[in-house]
Amino acid sequence: MANVFTRLVDSIESDIQAFLDKKDEKNPMQALNHYLRQSEKETEKVRQLIERQRRLKDEFRDERKEADLMADKRRDQAEIAEKADEHELADFARKDYEEYRARAERLTYSEIEAVRQLEALEKKYEEMNHKLKDMRLRRMEMMGRENIARARHQINKLDAGAGEKPYSRFADMERYIEELEHKVNNDYYRHTFDSKIARIEKQMNSGDASSESNEKMV
């Protein structure tokens, strides 16, 4: 299983490196997304293999414990049979004991090997996750550069349509807004100016009328 996993990881790493080495890729974002999806799928397969390896390790451990228990049981039974002069039973117990001891030793070796392979698989799995994170970061960087390139392209199209220096349309828009504000302010001042003069004139007329009335009374 470890050899299969190693070949799988090497294949993925080779594909990733091949992509990173392509300097003149026609559509780098599309290619990166493709490799990222494939790598995520392969990484998930590896995660599932690790789960299977963990279960296998636990099965070796459980089987080894059971074999140890049965070996101890047969050893004690052989001693009891010998003391009771039950030689046939004692021989059977000793033979069974040897078989369980051999099985326990074999399972112990298998358990140790399963643990060693599991640790190696988990280490490789972490390396693959780091590579995936690097690829996701690379995708974010490329998306940023792509957005800048599209923005510049759009600005250049605006500039080409205006036939003037860069940002001329935006400058024209700002000037238009400033002129509109100036016109609104002038209209407002002119309107309030007329209102103020009319009010003053009315007050003056009212004052003159009051003076004439006072003179008549005198």
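The values are calculated or read from the model by the stated rules, or taken from the named source; none is laboratory data. Computed from a prediction, not measured in an experiment: that's the story for all the values here. All Cβ positions, even for glycine, are placed from backbone atoms using ideal geometry, and neighbour counts span all protein chains on display.
Taking the condition at pLDDT below 80, among the aliphatic types (A, V, I, L, M) and in contact with a Lys or Arg (Cβ under 7 Å, 6 or more places away or on another chain), does Ala162 pass?
For Ala162, the condition - at pLDDT below 80, among the aliphatic types (A, V, I, L, M) and in contact with a Lys or Arg (Cβ under 7 Å, 6 or more places away or on another chain) - is met.
Scan Glu44, Glu51, Glu13 and give me the residue that is among the acidic types (Asp, Glu), under 23 Å from the mean Cα position of the chain (by Cα), part of a helix (DSSP H, G or I) and at pLDDT below 85.
Selected residue: Glu13, the only one of Glu44, Glu51, Glu13 that is among the acidic types (Asp, Glu), under 23 Å from the mean Cα position of the chain (by Cα), part of a helix (DSSP H, G or I) and at pLDDT below 85.
What number of residues within the range 54-103 are within 50 Å of the chain's Cα centre (by Cα) and loosely packed, with under 15 Cβ neighbours inside 10 Å?
8
Name the single residue that is nearest to Glu122 (Cα to Cα) among those in the range 16-41 being at pLDDT 55 or above and crowded, with 17+ Cβ neighbours inside 10 Å.
Across the range 16-41, the extreme among qualifying residues is Ser39.
Could you please give the count of residues in the range 106-117 that are under 9 Å from Gln53 (Cβ atoms) and in contact with a Lys or Arg (Cβ under 6 Å, 6 or more places away or on another chain)?
1
Collect the residues in the range 104-157 that are over 16 Å from the mean Cα position of the chain (by Cα), modelled with pLDDT under 80 and surrounded by 14 or more Cβ atoms within 10 Å (Cβ to Cβ), keeping them in residue-number order.
Ile155
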